[in-house]
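Written out below as structure tokens is the structure these notes cover.
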Amino acid sequence: VALTSNSTAPARQEERRAEPREARARPGLPAFALAGWRVSVDVPHLLLVAAAAGWCGWFWFDSYAAAADIENLSLIEPTAIAALLLCAAILRDCIQIHRAAEPSGPPRLSRPPLEPTFRARLLGTMALLALYVAISPFAGFDIATFAYILATLFFLGERRVWVLVLTPAIVCVVAIYAFNTILATPLPLFFGGEP
Amino acid sequence: MIDVHAIWSALDLLGGSWQPWLVVLPGMLIGLAFHAVPGLTTSMALAVCMPIIPYMDFLPALIFMTAMYTGALFGVAIPAILLNVPGSASAVATTFDGFPMAQAGRHNEALGFALAASCFGQALAYVLLLFLVQPIADFAIRLGPPEMLIVALWGLTLIARLRGRHFARGALAGLFGLLLGTVGLSAFVFLVLLFLLWCGTPRPPPPGTMGLDVLLDGIPVVPAIIGLFAAAELFNLVRSDYIVSDVTRRDVRGRRILAGMRDTFRYPGTLVRGALLGAVVGILPGGHAIANLLSYSEARRTAKDPGSFGQGNPRGIIAAESANASSEGGSMATLLALGIPTGGATAVMLVAFSMHNITGGPQFMHDHKDLVYAVILSNLAQVALLAVVGFAFIFAAGYVVKIRLRALIPIVFAMAVIGSFALAQNMAGPVTLVVFAVVGWLMQRFDYPVAATVVGLLLGRMTEGALLRTYQLSGGEASYLLGRPIAMVLLGLLLISIGLPLVRRVLVRPAS
């Protein structure tokens, strides 16, 4: 956890003046007051670090449960311990504590914020991909691939009907012929296969 | 070193019939085309063509397979550069500088660099093989787990060099990958579980698998790499219309591809070092997967401007591609001289050998030296052909930058999902791709270097296996290494590789 006293505040103000305009436009981190100190928390980053630490800890425990021998843990144990220590070190970037009286304001986000349009497109693309993979074994790769490409094209702004229909149709025919016939890799299909 | 009689006999075999030459072009085109699809590998291309192998004579069959391998080794660079999709582990390092160059509108030059480096790497490796196939066979048979462990550790030092802006985040990304690489059933856990099963004790699931049988063999590596690299990048591209935003830079120009090919030779040190490193590392099992990473790491370490690597430095592409290409020569040395496959592709080739009732190894070398030389000479000719065929192929592939991203993104994702399914033969491939796509995007967003995770993932299982076998052989005694001169030399090289930059930094700091 970063602890900043008033003595470093002028230096930080100087740094801020030197920041590019894009960085200066970034929003400040959410902060709360605590007994004369201001605690700023980068919540998304904190959640990511917590998830990484949780997975590393769980994997270490899981490996220990499978076989608690040096042969099994010789690489996993030191690696997991080092990873957990690094997670603790990175907390410094997630939680920053300053004196409440410091005039420079809360620290800013270290990354550019997501624009609302980009955020919507990103989440939509991710959701469509996840949906595609989820329905493929049930609907078959032919139906799922056609629907996925059509839906993503439409979602990303394509409105020409012939492009919306022909693009997924061509990709489906080529991919399914290549994999099922040439590569002899049976894909689960709705038409002519078992979904 | 060279058996002149066998060479003449090999020339006679190659010149006496048109049959061995007829298969080169189709083989090369199949190899090139296969790697245009994310998730397809050389071993799959070879396996697909396996049914026609028994109908060919042995030499044309062998040349057909090596032509496919030659084409695939370069083909894998095309999606790596244009789409940031490393179709296999051997093209991971190509993406580091290849895609930034493509985004900057220098895709023509980047592809030219990759093609020339690939041709040079393969040519040098096969020239070396011509002279050294016998000594290489003698050397490779002496490599054991301690040597493999040191090579794996050398590969892991790359994590420190890929750390990005934040050391702790880079190291965490690498260690995370290393742990991911050990998910599943290691040899030791397998023995423990067998013992528990024999005793009738309820068995715990292997580590990290959450009881899922599809993860017993570990996380599917290629779908994970595609997810981490490509999918994460494709997510970021949903805000753009084209890969290259400036319309004036979207041209596909043969002259610029040729300029890239010509300029490759302005970096002779990077080129030769990469090719030599690839040829040596290619001898080792799994070596072809790490040759590109080791070479990239060395190029970056020795560069005067290491900060420019990852930003579109041509030397990054040249180092990765020359090593990747030359690793084929090393792999072929091990296959022909020892009968040991070093990866999936050479394993399939070994199956093709058996279809002709031939077993690779010292006896094969002794009895069919003319065939071995014929394959080597034919591969040298293939390199010249690759320069022409590869140029035409990338000229066509370069038009990818002209396709609108709203069409390209779903097509690439769909092909990657289907390819991942084909690779894993179950839904573990596509699910892995999606999970790692989201993880990769989050890592990029929070400034964690994805490349370090990929290096850890690739080397995790190899390091764990080599460490376990070394421990068992040595009984935990470090002095065991003193009795293995090759291990000591490798260890010395590793320490020099780590120590030199530190010493240089200490010496430079007071001066500056």
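No lab work stands behind these numbers, since they all come straight from the coordinates. Please read all numbers here as calculations on a predicted model, not as lab measurements. Backbone-built Cβ (ideal geometry, glycine too); neighbour counts: all protein chains shown.
Neighbours of B:Leu467, meaning other residues whose beta-carbon lies under 14 angstrom from its beta-carbon, give a summed charge of -3 when Lys and Arg score +1 and Asp and Glu score -1. Each Lys or Arg adds one and each Asp or Glu subtracts one; over the other residues with Cβ under 10 Å from the Cβ of A:Val163, this totals +3. With neighbour counts taken as other beta-carbon atoms within 10 Å, the residues B:Lys402, B:Lys304 rank, fewest first, as B:Lys304, B:Lys402.
Take each residue in A:120-126, count the other chain C-beta atoms within 10 Å of its C-beta, and the mean is 4. Which of the three applies to the stretch A:62-142, rounded, prolate or oblate, going by the alpha-carbon gyration tensor with a ≥ b ≥ c and a/c under 1.5 meaning rounded? It comes out oblate by the Cα gyration axes.
For a paramagnetic label modelled on A:Arg119 (point 7 Å from Cα along Cα→Cβ), amide N atoms under 20 Å away belong, within the stretch B:222-237, to B:235-237. Neighbour counts of other Cβ atoms within 10 Å put A:Trp37, B:Trp18 in the fewest-to-most order B:Trp18, A:Trp37.
For the pair B:Glu477 and B:Leu350, a Förster radius of 41 Å applied to the C-beta separation gives a FRET efficiency near 0.70, rounded to the nearest 0.05. Residues A:Leu166, B:Leu459, B:Leu153 in ascending order of nearby Cβ atoms (within 10 Å, fewest first): A:Leu166, B:Leu153, B:Leu459. Starting from the Cα gyration tensor of the stretch B:386-435, take the square roots of the eigenvalues, sort them a ≥ b ≥ c, and report rounded, prolate or oblate (rounded when a/c is under 1.5, otherwise prolate if a/b is larger than b/c, else oblate). Oblate, because a/c is 1.5 or more while a/b does not exceed b/c.
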